[in-house]
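Visitor: Encoded as structure tokens, here's the structure I'll be asking about.
The values are calculated or read from the model by the stated rules, or taken from the named source; none is laboratory data. In this text the structure is predicted, and so the values were computed from the model without any measurement. Positions of Cβ are backbone-derived with ideal geometry, glycine not excepted, and every protein chain shown enters the neighbour counts. Accessible surface is based on the protein model in full, side chains and every heavy atom, while ligands, DNA and RNA are left aside. Shrake-Rupley method; radii C 1.70, N 1.55, O 1.52, S 1.80 Å.
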Amino acid sequence: MIVPKYNSLVTGEEKVEATWAQVENQLQRRFDLIPNLVNTVKGYASHEEEVYTQIANARTQYGNSNTIEEAADANNDLSSALSRLLVIVENYPELKANVQFTRLMDELAGTENRLAVARKDYNDTVQTFNSDVRLFPSNLIASMFGFEKKDYFEIKEGVEESPSVDFGNGE
């Protein structure tokens, strides 16, 4: 009974790490797109330096993150700064018509969707693993071999709601 349960815990832990790697892949894709988006917006709204600084700081924070919690915090800060950037965009109808901006926004929207799926998959895997670590009798084996609960990828309250941005005809 101990060996199969131990192996199950090892497999579960590996699954958590693999699904976290997918979240990191999508976060990296997102962070790679952002400088292009910011540079496009800068051409129209160069005076919005505070937002650009917040975005740069959040990207740096992510680069320096060592834990899932730190990466989630950096993601939350970046989401908040991007929301402010999109509010700025609303004031520039000619920017919304810019082909490069539209392409970047489409890429970012696709990335945000992939990121949402990756976060859900990660949290589902963590839930399964954490249940295994806590349920009897596997909790005895987990504690014997040092398996511990994993952190969920959580967003801060309020960050989950982006501002409404209308990319319509500018009316």
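Visitor: For the stretch 110-146, enumerate the residues that are open to solvent by 20 Å² or more (accessible area, probe 1.4 Å), more than 21 Å from the chain's Cα centre (by Cα) and of a type in the set (S, T, N, Q).
Guide: Within the stretch 110-146, 131, 139, 143 meet the criteria.
Visitor: Would you call residue 79 part of a helix (DSSP H, G or I), in contact (Cβ under 8 Å) with a residue 12 or more places away in the chain and buried (at least 18 other Cβ atoms within 10 Å of the Cβ)?
Guide: Against the criterion (part of a helix (DSSP H, G or I), in contact (Cβ under 8 Å) with a residue 12 or more places away in the chain and buried (at least 18 other Cβ atoms within 10 Å of the Cβ)), residue 79 qualifies.
Here's the yes/no breakdown for (1) over 18 Å from the mean Cα position of the chain (by Cα); (2) modelled with pLDDT of 90 or more; (3) surrounded by fewer than 16 Cβ atoms within 10 Å (Cβ to Cβ):
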{"site": "1", "(1), (2), (3)": "yes, no, yes"}
{"site": "4", "(1), (2), (3)": "yes, yes, yes"}
{"site": "20", "(1), (2), (3)": "no, yes, no"}
{"site": "40", "(1), (2), (3)": "yes, no, no"}
{"site": "69", "(1), (2), (3)": "no, no, yes"}
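Visitor: Can you name the residue in the stretch 132-170 that is closer than 26 Å to residue 108 by Cα and of a type in the set (Gly, Ala, Ser) and is also modelled with the highest pLDDT among such residues?
Guide: Once the filter is applied, the top-ranked residue is 158.
Visitor: Another question about this same structure. Go through (1) open to solvent by 80 Å² or more (accessible area, probe 1.4 Å); (2) outside any helix (DSSP H, G or I) one by one and return the number of the condition residue 44 breaks.
Guide: So the condition that residue 44 fails would be (1).
Visitor: Let me ask something additional. Going by what's in this entry, would residue 94 be described as within 30 Å of residue 125 (Cα to Cα) and open to solvent by 80 Å² or more (accessible area, probe 1.4 Å)? Quick ask: steps written out before the conclusion?
Guide: Numbers: within 30 Å of residue 125 (Cα to Cα): no; open to solvent by 80 Å² or more (accessible area, probe 1.4 Å): yes.
In short, no.
Visitor: Condition first: under 15 Å from residue 27 (Cα atoms), in contact (Cβ under 8 Å) with a residue 60 or more places away in the chain and not hydroxyl-bearing (Ser, Thr, Tyr). Now tell me which residues in the stretch 83-116 satisfy that. Let's see the steps before the verdict.
Guide: Filtering the stretch 83-116 down to residues under 15 Å from residue 27 (Cα atoms) leaves 107-116.
Going one step further and asking which of them are in contact (Cβ under 8 Å) with a residue 60 or more places away in the chain, we end up with 107-108, 111-112, 114-115.
Within the stretch 83-116, 107, 108, 112, 114, 115 meet the criteria.
Visitor: Could you please find all residues in the stretch 43-71 being hydrophobic (A, V, I, L, M, F, W, C), touching a residue at least 40 places away in the same chain (Cβ under 8 Å) and touching an Asp or Glu at 6+ places or on another chain (Cβ under 6 Å)? Steps first, answer last, please.
Guide: Taking the stretch 43-71 first, the residues hydrophobic (A, V, I, L, M, F, W, C) are 45, 51, 55-56, 58, 68, 71.
Add one more test, that the residue is touching a residue at least 40 places away in the same chain (Cβ under 8 Å), and what stays is 45, 68, 71.
Within the stretch 43-71, 68 is the sole residue that qualifies.
Visitor: Spot the failing condition for residue 127; the list is (1) farther than 23 Å from residue 28 by Cβ; (2) modelled with pLDDT of 90 or more; (3) not in a helix (DSSP H, G or I); (4) not hydroxyl-bearing (Ser, Thr, Tyr), and only one is missed.
Guide: With respect to (1) farther than 23 Å from residue 28 by Cβ; (2) modelled with pLDDT of 90 or more; (3) not in a helix (DSSP H, G or I); (4) not hydroxyl-bearing (Ser, Thr, Tyr), residue 127 is out only on (3).
Visitor: Could you check how many residues of the stretch 125-142 are within 29 Å of residue 73 (Cβ to Cβ) and among the small types (Gly, Ala, Ser)? Step through it out loud before you land on a result.
Guide: Initially, the stretch 125-142 is screened for residues within 29 Å of residue 73 (Cβ to Cβ), giving 125-134, 142.
Those still in the list that are among the small types (Gly, Ala, Ser) too: 131, 142.
Adding up the residues that qualify gives 2.
Visitor: Kindly establish whether residue 24 is part of a helix (DSSP H, G or I) and closer than 20 Å to residue 147 by Cβ. Break it down stepwise before answering.
Guide: Working: part of a helix (DSSP H, G or I): yes; closer than 20 Å to residue 147 by Cβ: no.
Spelling it out, it is not the case that residue 24 is part of a helix (DSSP H, G or I) and closer than 20 Å to residue 147 by Cβ.
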